[in-house]
Amino acid sequence: MKPAPSIIGFTTASGLGYGMLFVLALGALIGVIPTERWLRVSGLLLALGSISAGLLSSTLHLGHPERAWRALSQWRSSWLSREGVLALFTYVPALLLAAGWIIDESLSGIYAVSAITAALGAAATVYCTGMIYASLPPIKAWHQPLTAPIYLAFALMTGALAVHFLLVLFGAPHLFIGLLALLAIVGAFVMKILYWRKLENQRSHGPTTASATGLSSSGLVRMLDPPHTQTNYLLDEMGFRIGRKHAHVLKFLAYLFGLVAPLILTLMALALDTMPTTLLALVAFLSGMVGVVLERWLFFAEAEHTVMLFYAGQHVTSKPKTSAAPAKSAPSPHPKRRRAPLPRRRQAIETADVAASD
Amino acid sequence: MTSWPKQPPAKRLGLVIDLDICVGCHACVVNCKEWNTGGYPAPLSDQEPYGASARGAWLNRVHSYEVSDGEVEDGAGGRTVHFPKSCLHCENAHCVTVCPTGASYKREEDGIVLVDEEKCIGCGLCAWACPYGARELDGAEGVMKKCTLCIDRIYNETFSPVEQEPACVATCPARARHFGDFADPNSAVSRLTEERGGYDLMAEMGYRPTNKYLPPRSAKPINDGIGAPDALTPVAEGGFLGWLDRVLTDLSKGPS
């Protein structure tokens, strides 16, 4: 799938914002965020700014951004619509909370309710973001139970790292927030490693051109002539494969920036209590963000869509598990000989295919 | 409303595509484009149609495949199959449920899946939700386009009854495409599907497509029954030509 910058920007920025909102609101409620007014208000404003920037970025890839309000109507069936509704709804308790913190730093009555509602709204919105992808059967990499929890975990991780930095900056670090950040980093990457493992398994077990077209229950189906001579919307949107070539290097960098660096830097920031802790916490947060952007880029670039099966041919050696096609070829009466592959033409087709999709 | 119809539609209109006799002429592709560029509120646009990188929104595409069953006799097993692909008007159409605006919908009366272009925001999520690649975003209009089953032909009372079928079906010179109601077990399309073992594309995805594909009939070996020899062998045995054959054969062996 094409890793559109607007969607990567949206999911990472809104994830950060909702993560911060969640940590700030609940943290204040249980008393691990100090009552320092400007700390809380600047934290909330940063969170809301990040969310708003993300939401605006998400409208950039629309064909008709001026009709975006219509996307609030189909919450009964569409996760994208649910995400929009919850995103807008969450502004209400978040702004109420900000007002409360500006006025009297109190967290009683309506402000406590606002804090809980804002945290729940933030979590639910990120869950919907994950479910948009998890609910698409043609993209097998995403259509699995880990997708939405991973979105939640990375939102919590970046949010906690940001709040931890803010606390250190205002000279009021709290061990709880630091530990939360560490826990979220480890949790997110444990799930992501399981996700990447699953992807490896899927590669060898998915549907094939033969099973997708139903043209052969066990055999060779490959593209002879493409349906169009130039690229089209489908190839641009779903035929992306530049990233797969560098997936290993990018994965390594995602681990380095997202997992190793923030983990060590946050630990150091917690252990030390001299001046460089602010810098350590800042670099830990920024490095975590770079790691999450890399992870999100791979999330799209590595995912394969079933429509590409109609464009690429491959030799299937094992019989696909499920096939809609009835077995139709009568066995040949002659002694069988394996057909020689057609290396030159095969290569030509694949080259044309890659050129078209890149 | 982007939920599926609560009741199964009274009619299930769709296509039968006969892979045995499709000749891959792309007439259905062209006539679809021709009819639907006028049938939509906005034309089915192309970008740089006469330039070096022409592209555009098309609702029907014909792929061509080389098919064999792996182990075959040389020259006898491989065959070309032309494979037209357009919207299959699925019963469990996820392209409809993922739509956030209600632009995508499945009609209660006949099961046709349509896009209301006035409501579409062009987010592209429905195209992602379609396993078959049936939807393409219009590069000029910024809205999603898809096969309408030529809803403006099949219900057009100003047309004579024989013309009240989709443009792709009407134009097919090989009659490889058939249009009808799958809810009626006695309709031509239902009987064709029954007789020829029509199948669903990627049934395991659970989309329950309405359109059915008829598999190619099993091919007979090329040499069967026409009396052709297996290979061309020399027939000159006597006379001048026979002598020449021997001389040339000896010469080609070289001095020994």
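The values are calculated or read from the model by the stated rules, or taken from the named source; none is laboratory data. Here the structure is a predicted model, which means the values were calculated and not measured. Counting neighbours? That spans all protein chains shown, and the Cβs are built from the backbone with ideal geometry, glycine included.
Looking only at residues of the range B:132-158 that are closer than 16 Å to residue B:38 by Cβ and without any contact (Cβ under 8 Å) to a residue 40 or more places away in the chain, we find that the one that is surrounded by the fewest Cβ atoms within 10 Å (Cβ to Cβ) is B:158.
Would you point out which residue out of A:206, A:159, A:187 is modelled with pLDDT under 90 and of a type in the set (Gly, Ala, Ser)? Spell out how you get there, then give the answer.
Numbers: A:159 fails: modelled with pLDDT under 90; A:187 fails: modelled with pLDDT under 90.
Every option except A:206 fails the conditions.
Here residue A:66 passes the criteria (1) at pLDDT below 95; (2) surrounded by 16 or more Cβ atoms within 10 Å (Cβ to Cβ) except the one numbered (2).
Residues in the range B:139-152 that are over 18 Å from the mean Cα position of the chain (by Cα) and either modelled with pLDDT of 95 or more or among the β-branched types (Val, Ile, Thr) (or both): B:143, B:144, B:151.
Of the residues making up the range A:130-143, those that are part of a loop (DSSP other than H, G, I, E, B), within 13 Å of the chain's Cα centre (by Cα) and in contact (Cβ under 8 Å) with a residue 40 or more places away in the chain are A:141, A:142. Taking the numbered list (1) out of contact with any Phe, Trp or Tyr (no Cβ under 7 Å at 6 or more places or on another chain); (2) within 15 Å of residue A:17 (Cα to Cα); (3) at pLDDT 95 or above in turn, residue A:149 passes all entries but (2).
Answer yes if at least one residue in the range B:180-193 is in a helix (DSSP H, G or I) and either buried (at least 22 other Cβ atoms within 10 Å of the Cβ) or within 14 Å of chain A (Cβ to nearest Cβ) (or both), and no otherwise.
Yes, that holds for at least one residue.
Return yes when residue A:269 is among the aliphatic types (A, V, I, L, M) and more than 18 Å from the chain's Cα centre (by Cα) and no when it is not. Yes; evaluated as a whole, the condition is true for this residue.
Select from the range A:72-90 the residues that are among the aromatic types (Phe, Trp, Tyr) and surrounded by 17 or more Cβ atoms within 10 Å (Cβ to Cβ) and list them in ascending order.
Pass one, the range A:72-90, residues among the aromatic types (Phe, Trp, Tyr): A:75, A:79, A:89.
If the condition is that a residue be among the aromatic types (Phe, Trp, Tyr) and surrounded by 17 or more Cβ atoms within 10 Å (Cβ to Cβ), then A:75, A:79 are the ones that fit.
Listed here are the residues, each with its yes/no results for (1) within 9 Å of chain A (Cβ to nearest Cβ); (2) assigned to a loop (DSSP other than H, G, I, E, B).
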| position | (1), (2) |
| --- | --- |
| B:80 | yes, no |
| B:91 | no, yes |
| B:101 | yes, yes |
| B:127 | yes, no |
| B:133 | yes, yes |
| B:149 | no, yes |
| B:156 | no, yes |
| B:169 | no, no |
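Figure legend. Inter-residue proximity from the range A:220-242: first residues more than 7 Å from chain B (Cβ to nearest Cβ) and crowded, with 19+ Cβ neighbours inside 10 Å, second residues of a type outside the set (A, V, I, L, M) and assigned to a strand (DSSP E or B), beta-carbon distance below 6 Å, spacing 6+ or different chains. Indicated pairs: A:238/A:305.
Of the residues A:85, A:41, A:32, the single one that is touching a His at 6+ places or on another chain (Cβ under 6 Å) and among the aliphatic types (A, V, I, L, M) is A:32. Within the range A:71-93, residues that are touching a residue at least 24 places away in the same chain (Cβ under 8 Å) and more than 9 Å from every other protein chain (Cβ to nearest Cβ) sit with their Cβ atoms under 7 Å from residues that are surrounded by fewer than 24 Cβ atoms within 10 Å (Cβ to Cβ) and among the aliphatic types (A, V, I, L, M), at 6+ positions apart or across chains, in these pairs: A:86/A:124; A:87/A:55. Confirm whether residue A:100 is away from every other protein chain (no Cβ under 14 Å), modelled with pLDDT of 90 or more and either surrounded by 15 or more Cβ atoms within 10 Å (Cβ to Cβ) or within 20 Å of residue A:167 (Cα to Cα) (or both). In short, no.
So if I check each of A:266, A:209, which one is away from every other protein chain (no Cβ under 14 Å) and among the polar types (S, T, N, Q)?
On the way: A:209 fails: away from every other protein chain (no Cβ under 14 Å).
Just one listed residue meets the conditions, A:266.
I want to confirm something. Restricting to the range B:1-10 and keeping residues that are crowded, with 18+ Cβ neighbours inside 10 Å and in contact with an Asp or Glu (Cβ under 8 Å, 6 or more places away or on another chain), which single residue is nearest to the other protein chains (Cβ to nearest Cβ)? Among those that are crowded, with 18+ Cβ neighbours inside 10 Å and in contact with an Asp or Glu (Cβ under 8 Å, 6 or more places away or on another chain), it is B:4.
Candidates are the residues of the range B:95-126 that are small (Gly, Ala, Ser) and within 25 Å of the chain's Cα centre (by Cα); the one that is surrounded by the most Cβ atoms within 10 Å (Cβ to Cβ) is B:104.
Would you check which residues across the range A:223-255 are of a type in the set (D, E, K, R) and modelled with pLDDT of 85 or more and list them?
Initially, the range A:223-255 is screened for residues of a type in the set (D, E, K, R), giving A:225, A:236-237, A:241, A:244-245, A:251.
Passing the criteria: A:225, A:236, A:237, A:251.
For the range A:154-192, the tally of residues that are more than 18 Å from residue A:297 (Cα to Cα) and among the basic types (Lys, Arg) stands at 0.
For the range B:17-70, give me each residue that is outside any helix (DSSP H, G or I), more than 10 Å from chain A (Cβ to nearest Cβ), crowded, with 19+ Cβ neighbours inside 10 Å and under 17 Å from the mean Cα position of the chain (by Cα). Of everything in the range B:17-70, those that are outside any helix (DSSP H, G or I), more than 10 Å from chain A (Cβ to nearest Cβ), crowded, with 19+ Cβ neighbours inside 10 Å and under 17 Å from the mean Cα position of the chain (by Cα) turn out to be B:17, B:18, B:22, B:59.
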